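Readers should treat all values here as calculations from the given coordinates under stated rules, not as data from a laboratory. Being a predicted model, the structure only gives us computed values, none of them experimental. As a convention, Cβ positions derive from the backbone with ideal geometry for all residues, glycine included, and neighbour counts pool all protein chains shown.
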Amino acid sequence: MSHAKEAELFNKDEAKVNWHDQALWFVRNKRDKAAHTVKGWEDLRNLASAIKANVLSNLDDYLVQFEENAQKNGIQVHWAGDAEAHNKIVHDILLQNNVKKVVKSKSMLTEECHLNPYLEAHGIEVIDTDLGERIVQLAKEPPSHIVLPAIHKTKEEVDALFQKHLGTVPSHGDPRYLTNEARKHLRDKFLKADAAITGVNFAVAETGGIVVCTNEGNADMGVHLAKVHIACMGIEKIIPEEKHLGVFLRLLARSATGQPITTYSSHFNKPVQGKEMHIVIVDNGRSEQLSREAFRSSLHCIRCGACMNTCPIYRRSGGHSYKATIPGPIGSILSPGMDLKKHSSLPFASTLCGSCSDVCPVKINIHEQLYQWRQIITKNVKQPVVKRSILKMAGIVLANSKLYGFLGRSSRFMLKHLPKSIVNSKINTWGKARDLPKVENDNFEDWYKKRKS
Amino acid sequence: MSRASILNAIKKNKPESVPLPQIDLSLFHEDIDLVDIFYKNLESVGGRIVSLNTIEDLDAEIKKRYPNAKSIVSCSNTSQLATISISNETEPHSLESIDLAIIDAQFGVAENGAVWISENDFIVRALPFIANDLVLILSKNDICLHMHEAYNLISKRERTFGVFLSGPSKTADIEQCLVIGAQGAMSLTVFIF
Ligand code: SF4
């Protein structure tokens with residue numbers, strides 16, 4: 001199903017969509033406030049972007065350096081070309097250590113590799129320990145946001161889930177009660193786990209160490225109790241030197257949630273005596289993305305989620321509508337590189353307003369890359385699908401006057417670059433659920449001509 | 001695809017070398033009251049601050065704040081409140097029902113209210129996460145401006161495990177309502193002298 005179709009489903013519950021929209025916009029505002037308090041914020045973004053560019057241009061050397069230093073510290077390093085190899089490596093480590101129960105903290109990479117179902121099929125219990133991830137795991141759903149995995153769930157839905165799976169009493173969705181019940185439930189899991197799997201926010205070539213950031217403390221609870229720690233990272237997580245963490249940690253949480261830093265920024269350099277630490281370095285299409293000049297910088301991404309929070313389409317279509325591990329603007333430029341046909345509607349799920357690029361802490365030109373993907377897709381994927389996607393998406397956006405106000409830069413851009421047949425097609429078909437703003441409806445043609453000249 | 005083929009693919013596909021930028025610290029310098037900003041930021045992330053007139057008041061003040069704490073681990077020489085002693089042989093699971101952990105912080109970071117602690121400061125890695133409540137002891141003179149200075153301060157450390165800790169554990173995963181006390185410590189108080 002195309003993104004537009006999926007978005008339509010999400011839009012069936014209008015109250016929920018409005019809440020989703022506003023909740024994310026609130027997070028976006030917090031990000032703005034946090035950014036404005038930092039002297040030299042733009043300099044930080046420039047630095048981060050330049051450091052990442054340097055990383056990509058020396059990635060093989062940095063990876064080798066990282067491996068060497070990690071090994072010196074007693075960390076075992078593994079390499080996986082694709083998701084399958086990654087899953088197998090992780091499973092083998094677990095087998096060798098006779099592991100039956102695993103606790104896992106947030107890692108989009110393991111989502112991408114579908115590690116959980118793989119391990120479960122081999123009889124291993126995998127518990128996601130980030131509260132939001134645990135919620136979606138219980139609901140048998142993928143996360144809908146990379147930082148706020150359960151942002152699409154209402155508290156009443158969480159209440160019902162916890163009653164069913166954790167045996168809680170009805171609480172009308174009291175967040176404090178539910179969080180506390182989850183704490184007890186997860187504590188038990190932490191105490192019984194044989195191995196902990198974590199993601200990696202940053203891997204430092206100079207030291208061979210990794211940094212993992214959480215707010216809940218779940219990564220640390222898992223790692224420090226279990227006898228085996230497996231950290232999974234994409235090849236692009238490397239940064240050259242430890243002092244560069246100063247740049248990235250200043251940007252990450254502020255961009256993500258408006259916090260000045262995550263509660264826990266844990267620096268793992270050496271396993272405790274008698275315990276094992278493994279790092280799995282995964283390619284899974286990244287080296288290929290590196291070859292695409294126009295899309296290469298998508299590998300700068302530090303997964304803060306800011307581009308999602310700010311995106312008018314994401315906020316009103318929900319993360320699941322993207323049908324991709326990484327939803328939202330960044331996902332829409334990463335996913336077509338993995339499977340062009342499957343994800344061909346994603347680059348059209350955008351107004352090209354450029355807000356994503358404006359907030360991105362590592363300055364990825366996301367909206368320009370979306371536009372570039374469109375060019376490739378119109379050439380390579382059957383046309384009607386593409387056009388329909390554009391129309392549907394435009395329909396959803398234009399039908400909402402508040403969103404329409406956003407268009408500014410974007411409408412110009414969109415109109416400039418859309419095929420004429422689409423711009424001139426009956427506007428009425430665009431406004432499916434709601435009426436279009438009157439003025440635009442009447443004067444669209446004139447307006448368009450004026451804008452064009 | 002093995003290690004070699006991943007590295008080869010990267011070698012083949014990577015762009016021409018781009019220089020590594022220098023971090024110009026003057027861009028981020030500010031003349032501000034470090035203690036004051038640290039206070040404000042720590043409060044904003046849900047932490048509490050107790051300003052001590054003298055370090056001798058420490059234990060009395062801790063008792064006042066945590067009157068019900070029974071199982072207490074102290075890794076600080078300045079506090080005598082420990083009821084349980086730990087060593088690097090201690091099995092982390094045995095710390096499951098620790099009420100309070102008392103740890104010396106190496107330094108604080110004004111811009112985000114974080115403190116840096118590393119394995120040597122708390123002996124068993126699980127301690128600051130598994131303890132129900134956390135007390136950190138920090139000297140007013142050990143607060144730096146920002147993370148650039150912070151990394152400078154820890155650049156020569158023995159690298160095992162260390163953490164920047166900014167407030168108690170928290171989550172907003174249920175409808176964006178902030179709840180303090182997720183999987184880690186339920187409260188965090190910095191005693192400053
Ligand atoms: S693309 Fe930029 S804004 Fe989006 S998640 Fe990645 S780093 Fe954050």
What does the charge add up to near A:Thr325, with Lys and Arg as +1, Asp and Glu as -1, over the other residues with Cβ less than 9 Å from its Cβ?
-2
Please list the non-local residues whose amide H lies under 5 Å from the amide H of A:His145, H modeled 1.01 Å from N, same-chain partners needing a gap of 5 or more.
A:Ile151
Restricting to Cα atoms and excluding each atom paired with itself, what does the Kirkwood estimate give for the stretch A:38-284 in Å?
18.8
Averaged over residues of A:188-199, the number of beta carbons from other chains lying within 10 Å of each residue's Cβ is 1
Determine the calculated [θ] at 222 nm for the protein assembly as shown from helices alone, applying -39500 (n - 2.57) to every DSSP H run no shorter than 4 residues and normalising by the residue count; nearest 500 deg cm²/dmol.
-13000 deg cm²/dmol
Per-residue average of Cβ from other chains inside 10 Å of B:42-55:
1
In whole percent, the Cα-Cα distances of the stretch A:324-368 spread across 5 Å bins from 0 upward as 5, 26, 31, 23, 12, 3
Ranked A:Lys30, A:Lys106, criterion: other C-beta atoms within 10 Å, fewest first:
A:Lys30, A:Lys106
Separation of the stretch B:1-75 and the stretch A:75-116 by C-alpha centroid, Å?
29
Counting only other chains, what is the mean number of Cβ atoms within 10 angstrom of the Cβ of each residue in peptide A:279-285?
2
Please tell me which of these pairs span more than 27 angstrom C-alpha to C-alpha: A:Lys184/B:Lys156; A:Lys39/A:Lys363; A:Lys106/A:Lys153; A:Lys106/B:Lys40?
A:Lys184/B:Lys156; A:Lys106/B:Lys40
Overall Cα dimensions of the protein assembly as shown, principal axis frame, Å, largest first:
79, 55, 53
Relative to 2.2 N^0.38 Å, what does the C-alpha radius of gyration of the stretch A:238-290 come to as a ratio? Two decimals please.
1.50
Dipole magnitude of the protein assembly as shown about its Cα centre (Cβ charges: Lys, Arg +1; Asp, Glu -1), debye to nearest 20
2940
Taking the beta-carbon count within 10 Å as an exposure proxy, list A:Asp21, A:Asp339, A:Asp159 from fewest neighbours to most.
A:Asp339, A:Asp21, A:Asp159
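In Å, the Kirkwood hydrodynamic radius of the stretch B:33-192 over pairs of distinct alpha carbons?
Answer for the stretch B:33-192: a Kirkwood hydrodynamic radius of 15.9 Å.
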Which of the cysteines in the protein assembly as shown are isolated, no other cysteine C-beta under 4.7 Å?
A:Cys113, A:Cys213, A:Cys232, A:Cys301, A:Cys304, A:Cys311, A:Cys353, A:Cys360, B:Cys75, B:Cys144, B:Cys177
Relative exposure of A:Thr129, B:Thr54, A:Thr378, A:Thr214, judged by other C-beta atoms within 10 Å (fewest first):
B:Thr54, A:Thr378, A:Thr214, A:Thr129
Taking a ≥ b ≥ c as the square roots of the eigenvalues of the Cα gyration tensor of the stretch A:175-256, is the shape rounded (a/c under 1.5), prolate (a/b larger than b/c) or oblate?
oblate
